[in-house]
Every structure is written in C-alpha cells, then in structure tokens.
1. Which ones in region 316-338 are farther than 26 Å from Arg227 by Cα and assigned to a helix (DSSP H, G or I)?
2. What strands (runs of 3 or more DSSP E) lie completely within region 160-233 and have 1 or more residues being small (Gly, Ala, Ser)?
3. Any residue at all in region 207-220 that is more than 16 Å from the chain's Cα centre (by Cα) and over 24 Å from Arg142 (Cα atoms)?
4. Taking the residues in region 67-101 that are more than 30 Å from Val52 (Cβ to Cβ) and of a type in the set (Ser, Thr, Tyr) as candidates, determine which candidate is modelled with the highest pLDDT.
5. Quick check on region 216-226. Is at least one of its residues open to solvent by 60 Å² or more (accessible area, probe 1.4 Å) and on the phi > 0 side of the Ramachandran plot?
6. Filter region 241-254 for residues that are open to solvent by 20 Å² or more (accessible area, probe 1.4 Å) and touching a residue at least 40 places away in the same chain (Cβ under 8 Å) and give the result.
7. Is it the case that Ala181 is in contact with a strand residue (DSSP E or B) (Cβ under 7 Å, 6 or more places away or on another chain) and open to solvent by less than 40 Å² (accessible area, probe 1.4 Å)?
Amino acid sequence: EAAAGLESLQDSNKPFDDALAKTAVAEELADAPLELIELSKGPVAAASLAQVYKGETAGGAAVAVKVRRPGVVDQVALDCYAVRLLLAWLQDFWGGTVDYPAIVNEVTAGLFRELDFRKEASNAARFWEAHAADATYLRVPRAGFSRETRENAWSVTPRVHVAEWVEGKALGALPPARQRAMVRKGLDVCFLQLFGTGFVHADPHYGNMLYDPDDRLVLLDFGLVTRLTTSQREALSTAVAAIVDEDWPALLEAFREIGLVPPKPNIWCDARTGEPVSGLLPGVWKACSEEEFSESFVEALRDCSDEECSAGSFTEITARLTELALTYQFVLPPWLLFVVRAVVTLDGFAA
C-alpha cells in the first residue's frame, strides 16, 4: 500500500507552474547550440525532482525537455540533514557496527548527483557504450548536448536536460505477450549490469522504463547510477545463485563475503534482563552462538520456499531479512544500498 501511494512521485506528481519552467528553459538554453521553437502547453510527466515537456527543435526533431523543480536542491539538503540527525541518534541508541550516517551520506551524494542533469547526460552516454553490444534490444535516448568543453556549447545544464523524444508505452499499457517480453528484457539487462558491466542503473522504476514500437526496452533517467568492483560482482553472483537454488546456508556464506553480517553474530537484548527483544525496543547487542544465528537465518528464509510466499522473490526475501534484522545484527555496506534498491524495484516491476 505504501509503495502504491508513492508511485505518483515517479511521474504523476503535482506539477509546478509552467511559467517558471519555461523561464528556466529560456535562461538555461539561451546560448545553447540546440534551438527550441516549441514546448508543450503542460508537462507530459511530473516527478518529485523535475517535470518533463515535449518540445521541437528548429531542425524539426522532437525532444524531451526536463526541468528541475524550483527550490528542490535546498529541500533535499534540508531533508537529508534531518534524516542524518535522526539516524545519528539511532546510531547512539542501537550501537553496533552499522554506520547509519555514512549510509545517509551515500544517499545524499547520489541525490545531489541526480540533481545535476549534466551528470545524468554523461551517465546515459556511458551506460549505452557499456551495454549496447550485449543488449541489442536496449535503447537509451541521446542527450542533446555538444561535446565541446565550452560551457555555452551545452544544451544540457544543471537544471535543464534535453534528450531525443522516444515513443513508447509503460508496462501496464501493453498486451500480456509484450508485457512478458518487456519484463524478460528488463531482467536480462539487470543481470548484465550486476554481473557483467558493473555499471548499474539504480532507479529502474515503473516511470523510467518504456517499450518502444520496435520491441526495444527504453531506459530513462540516469541521474542515479552506481558502479561495482569485480569482487563485489562475484559476491553478488554467489548470493543470487544461492537464492535461485534456495540454498540458504550458502546464501549466509555469501552474505559474509559481501559484508552483510558481522564476523561474530550478535542478538539484540534487554540491557537489564539479558533476554532477546525486538530491535525497536531499548537494548544492547549481545554475542550469540553461530549455531543459533545460522538456524534462525535458515528458518526465516525456508518459509519463503512455501508456495504462498512466492519462492525466489527478492522482495519477499528482503522483507524476511529485514524482519530478522530486528533481532540479529546485520551490516549494510553503503555500496550495496543502491544495488538492493534497484533489484527490489525491478523485482516488483516484474511481479
């Protein structure tokens, strides 16, 4: 229900004033090599950070013009600062080895990179170069900027992004056969990113994926990306193989390689009685046996093998592990945060 309620933030958010958007476009692209002669009367999509218009260039090309929301940089900075203060307090409350402020720092850095559309344009070009040869079904809209280094030669600026217009449909607007084809291609390119190139689109939500008339998967919005090292890709590959085989002891060992569980297991206990309590209650970490932790880990995920629990669902497994983390200590490396987000988002998309 929460996810459904937040879906509107992807492409159906309340738009801001068209006059502000068109003023920003005129100011930002005044000296750009690409000349816009027309913009749609209203946005074709409005998300939490920006909204998109359909435009036409002097050369007759259709383009998508994305304009950053006024004041959003200050709002994101304030929100991230407030969350960092809250998690710093939780760090003191929970203790342990998880560096919550470091996680917020990683997310904040990602958000600010996403707010500079020049980085998004660069990411899109590099993503295409990394994946085009192996994913011939993939399409990434070209961003409309010059490769010259002069600042006024760009037609993508920090707050205005111009790219080729792509005709395509969202998953829900396709007939069942084309839906299945789109999902298969989405999963293929996801695994290519995770285990092949290590260059991951970290925001593959419903509003950022289309299927064009030529049956190509269109990926949009490259503001949020992450890169994986070879060792990180190998550890993730081991974890995915264990999930597919429903080999939960092997998954636990893969988690140790990734750094998701500490070398020695701990359980959250009441400081006065020493008895295990929910992580939502006051308490302290206390060492527990490897056997106890392993049994609890396997038991929690073994339930996912029941037909009612949709075996192999990354979303279901993540939910079970989150519940387990209220009792036993887990560690979330900052580099893994965007990977988990991307996989869970795509898993829900496929479902």
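1. Within region 316-338, Arg320, Glu323, Leu324 qualify.
2. Numbers: elements: 160-164, 199-201, 209-211, 217-219, 225-227.
By residue number, 160-164.
3. no
4. Tyr100
5. Of the residues in region 216-226, the ones open to solvent by 60 Å² or more (accessible area, probe 1.4 Å) are 216.
Cutting the leftovers down to on the phi > 0 side of the Ramachandran plot gives us none.
No, region 216-226 has no match at all.
6. If we filter region 241-254 for residues that are open to solvent by 20 Å² or more (accessible area, probe 1.4 Å), which is where we start, we get 241, 244-247, 249-250, 253.
Of everything in region 241-254, those that are open to solvent by 20 Å² or more (accessible area, probe 1.4 Å) and touching a residue at least 40 places away in the same chain (Cβ under 8 Å) turn out to be Val244, Glu246, Pro249.
7. On the way: in contact with a strand residue (DSSP E or B) (Cβ under 7 Å, 6 or more places away or on another chain): no; open to solvent by less than 40 Å² (accessible area, probe 1.4 Å): yes.
Taking the combined requirement at face value, the residue does not satisfy it.
For (1) modelled with pLDDT under 95; (2) surrounded by fewer than 14 Cβ atoms within 10 Å (Cβ to Cβ), each residue gets a yes or a no:
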residue: Ile103; (1), (2): yes, no
residue: Leu111; (1), (2): yes, no
residue: Leu115; (1), (2): yes, no
residue: Phe127; (1), (2): no, no
residue: Asp134; (1), (2): no, yes
residue: Ser155; (1), (2): yes, no
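The values are calculated or read from the model by the stated rules, or taken from the named source; none is laboratory data. It should be emphasised that the depicted structure is a prediction, and the values quoted were computed from it without experimental measurement. No Cβ is skipped: glycine too gets one built from the backbone with ideal geometry, and neighbour counts run over all protein chains shown. When the accessible area is computed, the model is the full protein with side chains, heavy atoms only, and any ligands, DNA or RNA have been set aside. Shrake-Rupley method; radii C 1.70, N 1.55, O 1.52, S 1.80 Å.
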